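Okay, so here's the structure we're looking at.
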Amino acid sequence: MSKSDHPNLGEDRTRAAASKVLSGTETKGIIARILPFLGPAFIAAVAYVDPGNFATNIQGGAQYGYMLLWVIFASNLMAMLIQMLSAKLGIATGKNLAELCRDNFRLPFVWMMWVIAEVAAIATDLAEFLGAAVGFQLLFHVPLLIGGILTAISTVIILSLEKRGFRPMEAVIGALVGIIAVCYLLETILARPNWKLIAYFSVVPKFQGTDSVLVAAGILGATVMPHVIFLHSALTQGRIVTKDPAKLKKLVRFEMVDILIAMGLAGFVNAAMLIMAAATFHNPTYNNIGTIEQAYRTLAPLLGKSASVIFGVSLLASGLSSSAVGTMAGQLVMQGFLKHSIPIWVRRLVTMIPSLIVIAMGLEPTKVLVISQVILSFGIPFALLPLVIFTNKRELMGDLANSTLTRIMAYVVTFLIIGLNVFLLYQTFIPG
C-alpha cells in the first residue's frame with residue numbers, strides 16, 4: 001500500500017480538530033485547542049539540541065563557567081525568529097524554501113544551492129550520527145562501529161514512521177526531545193549550580209578575551225543550522241491548509257505557540273548543558289574537559305554513576321532524533337531543489353557512509369563534531385538570506401509578509417549570524 005493509500009487517521013483527526021479551532025467552533029479548553037498545532041517546531045527543535053550542541057556547551061561551561069550563558073539565550077531568541085519565518089513561509093505559500101528557491105533563482109544558482117545544502121546536511125548528519133554512536137558506546141560498552149550500525153538501524157525505524165503520516169513522527173521526536181529535557185533537568189539538580197551566577201550571566205553580556213568570543217561563535221554556530229531552516233517550511237506547507245486570510249493569521253499565531261514551547265524547551269536544554277559543565281568542570285582540575293567521552297567518564301566520580309548514565313541517555317536520544325531529522329531534511333531539500341527524491345533508506349545509507357569511515361579511521365568524535373560545525377557555517381547564508389527575502393515579499397506572502405519591525409530584526413539577526421560564522425571560519429583557518 002502506498003503512502004497516499006494508507007489510512008492516516010491521525011492526520012485526519014488532527015486536521016479536523018485544527019479546522020474546528022480555526023473556525024471558532026471548538027469549545028474545549030486551551031490545551032485541547034493548542035494540541036492539533038503542536039509538532040512541526042518540535043521536529044525542528046531537535047537540531048538545536050543535537051550532539052554538536054553537547055560539544056560546544058560543555059566546552060563553554062568548562063572553560064568559562066556561567067559567563068556565556070547569555071549567548072545561549074540570545075541564540076535561542078534568534079532561532080525562534082528564524083524558525084517562525086520558515087514556518088510562516090510554508091503556511092503562506094504552500095511551498096517550502098527549497099521549492100521557492102528553485103522557482104525564483106536561475107538554474108545554475110539553484111544547483112549550487114542544492115550542492116551546498118546537501119554538503120551541509122551531510123555534515124550535520126555526520127555530527128548527529130557520531131553522537132548517537134558514541135551514546136551507544138558509552139551506555140552499552142560496545143565498539144563505536146557497532147554503535148554506528150545500531151544508530152543506522154534505529155534511525156531507519158524512526159524514519160519509517162513517516163509512512164503513517166506526520167503525527168507518529170512528531171510524537172516520537174517530541175518524546176525524544178522530552179527525554180533530553182528530563183535528563184538535563186536531573187543533571188542540573190545533581191550538579192547543584194550557583195543560581196545567583198546563573199541569573200547574572202543569563203542577562204549580562206560578557207567576554208573574556210578572543211578565545212571566549214570564538215567559543216561563543218561556536219555555540220551560535222551549533223544552534224542555527226541551514227538544514228532545519230529548509231525543513232520547517234516543508235513541515236508546515238501542507239500540514240494544515242487554509243486560504244482564508246483570517247484563519248491564516250490564526251494558524252500562524254498557533255504556530256508561534258508551537259515554536260515558543262519547542263524552542264523554549266531547546267533553550268532550556270542548552271542552558272542546562274552549559275550550567276552542568278560550569279558547575280562540575282569549571283575548575284583548574286577539570287576545565288580542560290574537551291570531549292563528550294571525557295565529560296561522561298568524569299561525571300561518575302564527581303556526581304555519581306547516575307549522572308553519567310543520564311548524560312549518556314540524553315546523548316543517545318539527541319543523536320537518534322537529530323540523525324533521523326537530518327536525513328528527512330536532506331530528502332526534502334533534494335526534492336525541493338530538483339523535483340526528485342530517492343528512497344529514504346538509500347539516503348540513510350549514503351549519509352552514514354562518511355560517519356562509518358570516520359569511525360573506521362579512529363578519528364576523535366568530538367573533534368569531528370567541531371569540524372562539522374565549521375562546514376555548516378558555509379551553508380547558513382544560502383538558507384537565511386533567501387528566507388528573509390521571500391518572507392518580505394507581499395506578492396508571495398500576502399498579509400503574512402514581514403512587518404517593518406520583523407524585516408529589520410530579520411536582517412540584523414541574519415547578518416549577525418553570518419558575521420559570527422565568518423569570524424569562526426577566520427579564527428579556525430587563520431589562527432592568530
Members of the stretch 56-77 that are outside any helix (DSSP H, G or I) and of a type outside the set (Gly, Ala, Ser)
Tyr66, Met67, Leu68
For His232, work out the one condition from (1) at pLDDT below 85; (2) crowded, with 19+ Cβ neighbours inside 10 Å it doesn't fulfil.
(1)
Could you say which residue among Phe166, Phe129, Phe136 is within 24 Å of the chain's Cα centre (by Cα), over 30 Å from Ile417 (Cα atoms) and surrounded by 24 or more Cβ atoms within 10 Å (Cβ to Cβ)?
Phe136
Out of all the residues in the stretch 78-99, is one or more of a type in the set (Gly, Ala, Ser), within 18 Å of Arg253 (Cα to Cα) and either modelled with pLDDT under 90 or not in a helix (DSSP H, G or I) (or both)?
yes
Gly238 - would you say it is surrounded by fewer than 17 Cβ atoms within 10 Å (Cβ to Cβ) and within 14 Å of the chain's Cα centre (by Cα)?
no
Give me the pairs: first residue in the stretch 205-220 and surrounded by fewer than 17 Cβ atoms within 10 Å (Cβ to Cβ), second residue among the acidic types (Asp, Glu), beta-carbon distance under 7 Å, and six or more apart or on different chains, which are they?
none
Out of the helices (runs of 4 or more DSSP H) lying entirely within the stretch 190-284, which hold 2 or more residues that are of a type in the set (Lys, Arg) and out of contact with any Pro (no Cβ under 6 Å at 6 or more places or on another chain)?
245-281
For the stretch 244-303, name all the residues that are touching a Leu at 6+ places or on another chain (Cβ under 6 Å), modelled with pLDDT under 90 and not aromatic (Phe, Trp, Tyr).
Thr280, Leu303
Answer yes or no: is there a residue in the stretch 98-106 that is within 30 Å of Leu349 (Cβ to Cβ), touching a residue at least 60 places away in the same chain (Cβ under 8 Å), hydrophobic (A, V, I, L, M, F, W, C) and surrounded by 24 or more Cβ atoms within 10 Å (Cβ to Cβ).
yes
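The values are calculated or read from the model by the stated rules, or taken from the named source; none is laboratory data. Owing to the predicted nature of the structure, the values given are computational and were not obtained by experimental measurement. For neighbour counting, all protein chains shown are included, and Cβ atoms are generated from backbone atoms with ideal geometry for every residue, glycine included.
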